[in-house]
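Chemist: Please find one structure pasted underneath; my questions will follow.
The values are calculated or read from the model by the stated rules, or taken from the named source; none is laboratory data. Just so it is clear, the structure is predicted and the values come from calculations on it, not from any experiment. Cβ atoms come from the backbone with ideal geometry, glycine included; neighbour counts cover every protein chain shown. The area values use the complete protein model at the heavy-atom level, side chains included, leaving out ligands, DNA and RNA. Shrake-Rupley method; radii C 1.70, N 1.55, O 1.52, S 1.80 Å.
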Amino acid sequence: MLKQLILLLLFCFGVSLYSQEIGFTTPDYKAIEKEIKDKNSKFFYPKLMERLTKNDTLLTQEEFRHLYLGYVFQPQYNAFWRSPDEKKLNEFYSKEKIEPADYDEIIKLSNHSLSDFPFDLRQLNYLSYIYHLKGDEEASKIASFRFHNIMNVILSSGDGKKCETGFHVLMVEHEYVLLNLFELESKSQSLVDNCDYLSFEKGAYNVEGIYFNIEKMLENERKALR
């Protein structure tokens, strides 16, 4: 019930790209790394991150692309990150109904999670909904703005039809956020080269499955094991 309400809310904010055929550009990580490290570039990472954390709604899609995909070059990137408040937040997720008395605590926990990992899509999704329930539409739209722009980066990074054109994600959870957004349910998950392949029940959808490029996740895992 709660998931359906969250999805309905996000669609109501009018981001039309989800209903269109989206073109994609395979990420050029070398070019992205060069740009985000250049202090004279408009994509210099510290400046972009400062704007993101200040909820700058003038960030462009290309700037979001450098923020999201460029995060893999940041020392704090952890492909297996978990929210420090996951246990507490899950207690609220499991509720059939969120009480007004819960709003401020959820907002505090979600924002704390985002301060640790600014691309926590699950919390951005949830935060937008809770702000809406609280009646703070401006804050709700800001959280939704970030959520949708990050999702658009993922959707514009590939088409998911084969590993070579898989959607690029920072972590496995983002794969399931995308599936949930489109109300798709996977049957199984398998590793195919540098991709996660999520297969569907035969005949359930127009495609048999979706590929997600996890090359940078695998690199991050190898570094962690050294």
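Chemist: Here's a check for you: in the range 157-178, which residue that is of a type outside the set (Phe, Trp, Tyr) and touching a Ser or Thr at 6+ places or on another chain (Cβ under 6 Å) is surrounded by the fewest Cβ atoms within 10 Å (Cβ to Cβ)?
Modeler: ASP159
Chemist: Here's something else I'd like to know. Say whether the condition of being without any contact (Cβ under 8 Å) to a residue 60 or more places away in the chain and in contact with an Asp or Glu (Cβ under 6 Å, 6 or more places away or on another chain) is met by at least one residue in the range 148-168.
Modeler: yes
Chemist: Could you tell me how many of the residues in the range 131-156 are open to solvent by 20 Å² or more (accessible area, probe 1.4 Å) and either touching a strand residue (DSSP E or B) at 6+ places or on another chain (Cβ under 6 Å) or hydroxyl-bearing (Ser, Thr, Tyr) (or both)?
Modeler: Qualifying residue count for the region: 2.
Chemist: Pairs, please: C-beta under 9 Å, at least 6 apart or cross-chain, first residue touching a residue at least 40 places away in the same chain (Cβ under 8 Å) and within 20 Å of LYS134 (Cα to Cα) and in the range 73-98, second among the acidic types (Asp, Glu) and open to solvent by less than 100 Å² (accessible area, probe 1.4 Å)?
Modeler: Filtered contacts from the range 73-98: LYS95/ASP102.
Chemist: Right, here's the next one. Could you list, in sequence order, the residues of the range 55-99 that are hydrophobic (A, V, I, L, M, F, W, C) and touching a helix residue (DSSP H, G or I) at 6+ places or on another chain (Cβ under 7 Å)?
Modeler: LEU59, PHE64, LEU67, LEU69, VAL72, PHE73, ALA79, LEU89, PHE92, ILE98
Chemist: Among the residues of the range 185-196, is any over 27 Å from GLU50 (Cα atoms), of a type in the set (A, V, I, L, M), surrounded by fewer than 19 Cβ atoms within 10 Å (Cβ to Cβ) and touching a Cys at 6+ places or on another chain (Cβ under 8 Å)?
Modeler: Yes, there is a match, as at least one residue in the range 185-196 is over 27 Å from GLU50 (Cα atoms), of a type in the set (A, V, I, L, M), surrounded by fewer than 19 Cβ atoms within 10 Å (Cβ to Cβ) and touching a Cys at 6+ places or on another chain (Cβ under 8 Å).
Chemist: Among the residues of the range 35-53, write down those that are in contact (Cβ under 8 Å) with a residue 60 or more places away in the chain and either open to solvent by 20 Å² or more (accessible area, probe 1.4 Å) or touching a strand residue (DSSP E or B) at 6+ places or on another chain (Cβ under 7 Å) (or both).
Modeler: To start, the set of residues in the range 35-53 that are in contact (Cβ under 8 Å) with a residue 60 or more places away in the chain comprises 49, 52-53.
Of everything in the range 35-53, those that are in contact (Cβ under 8 Å) with a residue 60 or more places away in the chain and either open to solvent by 20 Å² or more (accessible area, probe 1.4 Å) or touching a strand residue (DSSP E or B) at 6+ places or on another chain (Cβ under 7 Å) (or both) turn out to be MET49, THR53.
Chemist: Hey, among SER140, SER113, which residue is touching a helix residue (DSSP H, G or I) at 6+ places or on another chain (Cβ under 6 Å) and over 23 Å from PRO75 (Cβ atoms)?
Modeler: SER140
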